[in-house]
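**Student:** One structure coming up, written as structure tokens, with questions to follow.
We did not get these values from a lab; they are worked out from the coordinates using the rules stated. Computed from a predicted model, the values in this text were never measured in an experiment. Cβ placement follows ideal geometry from the backbone for every residue including glycine, while neighbour counts extend to all protein chains displayed.
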Amino acid sequence: MQPIIVNAIAAASLMITSGALAVEMPALAKKNGCTGCHAIDRKVVGPAWQAVADKYKGSAGAANMLIAKITKGGSGVWGKAAMPANPRISEADKKELVDFVLSLSK
Ligand code: HEC
């Protein structure tokens with residue numbers, strides 16, 4: 001009986017630990033359809049957001065550039081695929097999304 005309980009506790013604490021480490025796409029990204037083309041740690045149609053964060057790490061002005069890019073869309077930085085324009089997302093929401101993306105750098 002005892003080993004089973006110990007295992008259950010170990011498994012539970014493992015789940016808590018990995019839950020705290022795993023970053024999930026925020027609700028705002030789901031709501032605005034970003035998750036259709038982006039994931040945190042792998043390329044989908046667009047680049048992994050972690051790769052985006054690493055690319056612009058320490059680059060002043062990156063946040064404003066990325067906000068503009070999300071608004072207007074575009075291609076050529078990560079490949080031929082294009083990101084569509086997102087003219088309807090509020091500035092505040094775009095800033096929150098970009099802050100989230102840039103927070104993912106390792
Ligand atoms: C239809 C697919 C698609 C959707 C939806 C999409 N993206 Fe993208 N995204 C892309 C592609 C493709 C690129 C690469 C563009 C390039 O190479 O210049 C990209 C690039 C980016 C970049 C990096 C830009 C750069 O110049 O380095 C950011 C940040 C980004 N997307 C955020 C978002 C956010 C936030 C949303 C949701 C509001 C979103 N994307 C929705 C396809 C998409």
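**Student:** With contacts defined as alpha carbon pairs under 8 Å and 6 or more residues apart, what's the relative contact order of segment 25-102 in percent?
**Tutor:** Details: 84 pairs, mean separation 22.2, N = 78.
Here the relative contact order equals 28 percent.
**Student:** Among residues other than V77 whose Cβ falls under 14 Å from its Cβ, what is the net charge (Lys/Arg +1, Asp/Glu -1)? Each step should come with its number before you reach the end.
**Tutor:** On the way: positive: K43, K55, K69, K72, K80; negative: D54.
Residues near V77 contribute +4 overall.
**Student:** Round to the nearest 0.05 the FRET efficiency obtained for R88 and T35 when R0 = 22 Å and r is the Cβ-Cβ distance.
**Tutor:** On the way: r = 17 Å, r/R0 = 0.76.
Efficiency, rounded to the nearest 0.05: 0.85.
**Student:** Could you check the simple spin-label distance between A60 and K72, using points 7 Å along Cα→Cβ, in nm with one decimal?
**Tutor:** Between A60 and K72, the simple spin-label model gives 2.2 nm.
**Student:** Something else now. At q = 0.13 Å⁻¹, what is the base-10 log of I(q)/I(0) for segment 25-102 according to the Debye formula with one equal point scatterer per Cα and no solvent? Please give it to two decimals.
**Tutor:** Calculated log10 I(q)/I(0) at the listed q: -0.33.
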